[in-house]
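Below you'll find the structure, written out as structure tokens, and then a few comments.
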Amino acid sequence: MDIKSYNLQTKDYYSLLNLHKILLEAKFHPKPENAEVSGSPFLAGLYQEVVSALLQSEKASEWENWLQLKNRTDYRQRAILQMRTCREWKSAIPEAKRRLAQIRLVPFLYTEQELEEVIKEAEKEDTENEACSDAVFAKIETITDKASFIEFLNLLEKDNAANPLEWENKTIREFLQAMSSWIEEFSASDYNDIDWEKPDYKTMAKILYMGKLYE
């Protein structure tokens, strides 16, 4: 993988260990403030320098074992989610997807076959989760009673688990504020088609769905 390297000055083991912890969190935090950080080639290059130094330390054998992608299924899945949700992924050609996958998988060690499996899994999840998200929106129009409303809630929960980065409002506070803002603005708009004096299950579903993405 051709990622620019950097001249890392420190060789002190504990300084390297602290850098490793900082970079690991920056790349794989489940709820990052800036999702672009995890896919930064600069960050990947710097992290590779840290890993290279750790693999030359007296604890090299321990690090070689820890860094095996096959032993880190938690970070493997986070990397796959990051690939699927980054802006470039869907339109990228195969070689570009390979490059994106390599950057996301830093600092881990893997075989060529493992890399291909990760790319295929990311593409598969992309298709499945798009279907999940589309199904949530489509379900709204089929809601007629309590049972179908509960089915919608279950789909919405699954969508949140499968597509967390698609949710504009990630905290309870943001979610509630978005629903409130949407009700106020939509009810006063020319496109309003809801009888707000007689809200039903379908209306409640629309309000909850808008809590996901309304800004």
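The values are calculated or read from the model by the stated rules, or taken from the named source; none is laboratory data. Just so we're clear, the structure is a prediction, and the values are computed from it rather than from any experiment. These accessible areas exclude ligands, DNA and RNA; they are computed on the full protein's heavy atoms, side chains included. Shrake-Rupley method; radii C 1.70, N 1.55, O 1.52, S 1.80 Å.
Projected onto its three principal axes, the C-alpha set of the chain covers 71, 32, 28 Å, listed from the longest axis down. The lysine pair tally for the range 89-186, using Cα distances under 20 Å and a gap of 8 or more places or different chains, is 8.
Taking the 0 to 90 degree range and rounding to the nearest ten, how far is the long axis of helix 13-28 tilted relative to the main principal axis of the chain, both from C-alpha atoms? Its long axis makes an angle of about 30 degrees. For residue 109, nonlocal amide neighbours, meaning residues 5 or more places apart or on other chains whose placed amide H falls under 5 Å from its own, are 68, 69.
In degrees from 0 to 90, rounded to the nearest 10, what is the angle of the helix 112-140 Cα long axis to the longest principal axis of the chain? Between the helix axis and the principal axis of the chain, the angle is about 10 degrees. Surface composition of the range 77-215: carbon and sulfur atoms hold 53% of the protein heavy-atom accessible area at a 1.4 Å probe. Angle check, please: helix 172-187 long axis (alpha carbons) against the longest principal axis of the chain (alpha carbons), in degrees 0 to 90, nearest 10. The helix 172-187 is inclined about 40 degrees to the chain. Using heavy atoms of the protein chains and a probe of 1.4 Å, the accessible area assigned to residue 206 is about 50 Å².
For the range 76-91, the Karplus equation 6.51 cos²θ - 1.76 cosθ + 1.60, evaluated at θ = phi - 60°, returns couplings of 4, 5, 5, 5, 4, 4, 5, 4, 5, 9, 6, 4, 7, 4, 4, 9 Hz by residue, with Gly and Pro reported as x.
Shape class of the range 173-215 from the alpha-carbon gyration tensor: oblate, with a/c at 1.5 or above and b/c at least as large as a/b.
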